[in-house]
Amino acid sequence: MVSASLYIHIPFCAKKCDYCDFYSVPAPVWDERLMDGFVERLREDIEGQVKTFGITEIGSVYIGGGTPSLLGARRMKDILDFLTPILRGRRRETDDKSGKVKEFTVEVNPESLSEDFLRVCVDGGVTRISCGVQTFNADARGAIGRCGGVSRIGPALDLIREIFGGAFSADLISGLPFQDRAALFHDIETLLSYNPSHVSLYDLTLEENTPLYRNNVLEKMPPREPAENLWILGRDLLESRGYPQYEVSNFAPENSRSKHNIVYWRMGCWFGAGPSASGTIILDGAALDGVPSGVSSGALRRTVSADVQTYVSGGKPEVFTEALDRNTLIKESFIMGFRYIDGPDEALFKQRFGCAIEDIVPETLRKWRGGGKMRGGVRALNKDGLILLNRFLIDCFVELDKFFSNERIIF
């Protein structure tokens with residue numbers, strides 16, 4: 001029996017933002033037939049993986065991209081209609097017989113959002129909308145090639161509140177060109193006036209294969225140290241307004257945390273559908289030599305090639321599979337788990353690997369706890385420690401490699 005979350009990647013965008021490193025293609029090049037074909041191929045992809053991996057329960061669904069709202073109301077209804085029986089068939093007897101999952105998120109952008117699209121989401125069991133705002137500053141939007149004008153954002157957020165009515169999240173970016181403290185604070189205060197349940201605040205990262213990097217926009221960027229300080233000021237403002245940080249870039253009251261993303265951060269199982277989508281299924285090592293029942297030996301990672309044309313045309317897209325051994329999975333559990341304010345799931349970690357976190361990186365934990373960068377009573381970084389996550393992980397990996405090389409006990 002496998003319980004897993006589902007990520008669906010919609011690869012279409014009206015225009016690719018200059019900072020974006022995610023796989024997407026311009027929607028205008030795709031005609032109606034090909035867009036419809038994409039939706040039909042998604043059904044086959046999801047049904048096939050449910051069967052292949054023996055998935056018996058789907059705990060959460062996240063439809064991201066790209067820009068899912070570009071599909072329009074009709075195609076989104078098609079997706080939700082074929083998902084409903086799949087979700088209903090993958091429930092426990094104690095679950096809601098409607099087939100609803102505990103969290104179902106759909107990403108939207110203001111310029112492509114419509115009332116009909118939101119009504120379809122409401123009727124189809126979506127519980128959460130995630131809106132890509134990024135900034136209310138027109139100059140900053142222009143500098144990063146963000147599609148859609150500032151004038152579209154407010155009406156879109158109003159529409160989400162009035163038509164959808166449920167939980168909604170919104171993204172902001174700090175460290176943008178032309179952005180100072182006053183501009184960032186204006187973005188945050190403006191967004192909070194719409195009463196979102198969840199806010200993501202990202203520090204802009206320049207990826208080498210993006211236009212923002214190639215076009216030498218660095219000269220318009222604030223110096224790195226002030227940009228980092230700017231993010232910290234934004235973090236503190238969000239916390240003062242009732243949005244505590246619970247992950248590196250995410251802020252929400254405890255009852256509004258993203259359940260789907262927590263599956264990633266605590267290394268649960270998930271499977272991905274759509275071009276470039278990736279999934280990780282944790283393997284049960286009970287049948288493997290030397291591994292007792294309940295202890296994981298590793299995981300299987302599956303990634304679909306970033307080739308929407310082959311995916312849509314009915315061809316066989318290249319699928320990359322990778323076996324993650326026990327030691328690799330331990331490291332990934334650290335990378336993901338320590339992003340989260342509660343840290344890795346300690347009970348699950350011990351169940352999977354037959355050892356406690358404290359057993360394998362005691363010196364690192366002692367050092368960072370002594371430096372005041374960890375929360376009391378748990379193996380987790382505090383908000384000051386999260387800023388230094390990469391340094392913490394380097395210390396962990398040095399100690400982990402020593403542990404792996406000295407390990408003599410076979411479980």
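The values are calculated or read from the model by the stated rules, or taken from the named source; none is laboratory data. Since the model is a prediction, treat every value here as computed from it, not as a measurement. A quick note on method: Cβ atoms are made from the backbone with ideal geometry, for glycine too, and the neighbour counts reach across all protein chains shown.
In segment 268-288, is there at least one residue being at pLDDT 95 or above, over 17 Å from Arg41 (Cα atoms) and among the aromatic types (Phe, Trp, Tyr)? The answer is yes; a qualifying residue exists. Check whether at least one residue in segment 14-21 is under 18 Å from Tyr264 (Cβ atoms), at pLDDT below 90 and either out of contact with any helix residue (DSSP H, G or I) (no Cβ under 7 Å at 6 or more places or on another chain) or part of a loop (DSSP other than H, G, I, E, B) (or both), and report yes or no. There is at least one residue in segment 14-21 that is under 18 Å from Tyr264 (Cβ atoms), at pLDDT below 90 and either out of contact with any helix residue (DSSP H, G or I) (no Cβ under 7 Å at 6 or more places or on another chain) or part of a loop (DSSP other than H, G, I, E, B) (or both). Going by the conditions given, is Asp325 at pLDDT below 85 and over 30 Å from Leu34 (Cβ atoms)? Against the criterion (at pLDDT below 85 and over 30 Å from Leu34 (Cβ atoms)), Asp325 does not qualify. Quick check on segment 71-86. Is at least one of its residues touching a Gly at 6+ places or on another chain (Cβ under 9 Å), outside any helix (DSSP H, G or I) and touching a residue at least 24 places away in the same chain (Cβ under 8 Å)? The answer is no; no qualifying residue exists.
Taken over segment 123-138, the residue count meeting the criterion of being surrounded by 15 or more Cβ atoms within 10 Å (Cβ to Cβ) and either of a type in the set (Asp, Glu) or more than 22 Å from the chain's Cα centre (by Cα) (or both) is 2. Filtered by the rule that a residue be closer than 16 Å to Phe168 by Cβ and assigned to a loop (DSSP other than H, G, I, E, B), segment 243-270 gives Tyr243, Ala252, Pro253, Arg257, Ser258. Taking the numbered list (1) modelled with pLDDT of 95 or more; (2) part of a loop (DSSP other than H, G, I, E, B); (3) of a type in the set (D, E, K, R) in turn, Lys100 passes all entries but (1). Note on segment 30-80: residues that are of a type in the set (Lys, Arg) and either surrounded by 23 or more Cβ atoms within 10 Å (Cβ to Cβ) or over 20 Å from Val106 (Cβ atoms) (or both) amount to 2.
Once segment 337-352 is narrowed to residues that are free of Cβ contacts under 8 Å to residues at least 60 places away in the same chain and outside any loop (DSSP other than H, G, I, E, B), the residue that is surrounded by the fewest Cβ atoms within 10 Å (Cβ to Cβ) is Ala347. Being within 22 Å of the chain's Cα centre (by Cα), among the hydrophobic types (A, V, I, L, M, F, W, C) and assigned to a helix (DSSP H, G or I) is true for just one of Leu176, Leu157. Which residue is that? Unique residue meeting the criteria: Leu157.
Scanning segment 229-284 for residues that are of a type in the set (Val, Ile, Thr) and within 24 Å of Ala167 (Cα to Cα) returns Val248, Ile262, Val263.
Scanning segment 208-228 for residues that are loosely packed, with under 14 Cβ neighbours inside 10 Å and either modelled with pLDDT of 90 or more or within 23 Å of the chain's Cα centre (by Cα) (or both) turns up Glu208, Asn209.
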